[in-house]
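Laboratory data are not the source of any read-out in this text; all were calculated from the coordinates shown. In this text, all values refer to a predicted model and were calculated from it rather than measured experimentally. All Cβ positions, glycine included, derive from the backbone under ideal geometry; neighbour counts span all protein chains shown.
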Amino acid sequence: MTAFFRKTVGSLSLALVAAFAACTSYTEIPIETPIQPKLDVSAFQRIFIAGFIAGANEDVDANMETVRLLRSQLRNKGIMRVIDADTLPLLEVARQSSGEANTAPVPDQQAVTPQEPQDPNKAPVFNDEKALEPYNHIFANVAYWKRIGEEFQQPLIVTGAVLFAPQQRSGFVQREQEVYDPFGRRSVVPVRTYMERKGFVLRPTFIFIDGRTGETLHTETFREEILYNASQQTPALSSYFELMDRLLPAFLNTLSAQKIKGTRTLLK
């Protein structure tokens, strides 16, 4: 009796589902979900992308490219008035302030930081995060940033450090491969292959400073990487823009509300 009851209920359920599906239509409704900004910038009318600590690269000037890209994006979005001025010589300022703070004598002329080039006018090469650390003290120099704020009518200042460096990685990668059975039927199967890959890593740290006081309001760090087959030749500048494109929405969301687009399915 129980088995008969279960079979009857199951048949009725299938019939109801089939009937419901036959008379039901679906409608895709586009929706936008607002995301509130991470930082209250209502007190500022102007924004100054001041420049970044970024090392020398043969193909990409990460400092200038980041400044240009952020200024362009802010103008397009209409987020405050973007100040068009020369970038600040942050590496030089960091070196000078570090020298002033260090009163101990240098025992040997060869005792130089390994990342420093022989040419003092050339930017050092940064290949990892640790190479940037000797210069980070510049962002805590409240007096310096307050003076910059007074010069540019007390804007919101955006600065920080940008690491853009090549990287290589090897290991097993899963990819899809087409196979055919004896009857000529095609199928796709996952295959694990050991590969040498190369690409780039982008790690920007954005520091938002109050131009009225010189104090840091917010700091945010991102990390994106991209890898290609070792035989693939991809320009460094193309990789830089592709990586920046991934994190730009998050940067803009720090300053203004953003909307995430999606869809919702409605049944009729």
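Once you have the Cα-Cα distance between Val191 and Ser231, take 0.36 nm times their residue separation minus that, and quote the gain in nm to one decimal. Kindly include the intermediate steps, with their values, before the conclusion.
Details: separation 40, 0.36 × 40 = 14.40 nm, distance 1.95 nm.
Gain in length upon complete extension: 12.4 nm.
Counting only aspartates and glutamates at least 8 places from Lys38 when in the same chain, those with an alpha carbon closer than 18 Å to its own are Asp210, Glu215, Glu220. Based on alpha carbons, the Rg and Dmax found for the stretch 134-227 are 24.3, 78 Å.
When the Cα atoms of the stretch 192-252 are enclosed in a convex hull and the volume is divided per residue, what value in Å³ results?
Details: hull volume 6.5 nm³, N = 61.
Convex hull volume per residue, Cα atoms: 106 Å³.
Computed FRET efficiency, Cβ-Cβ of Thr221 and Glu151, R0 22 Å: what is it to the nearest 0.05? Walk me through the numbers on the way to the answer.
Details: r = 27 Å, r/R0 = 1.24.
Efficiency, rounded to the nearest 0.05: 0.20.
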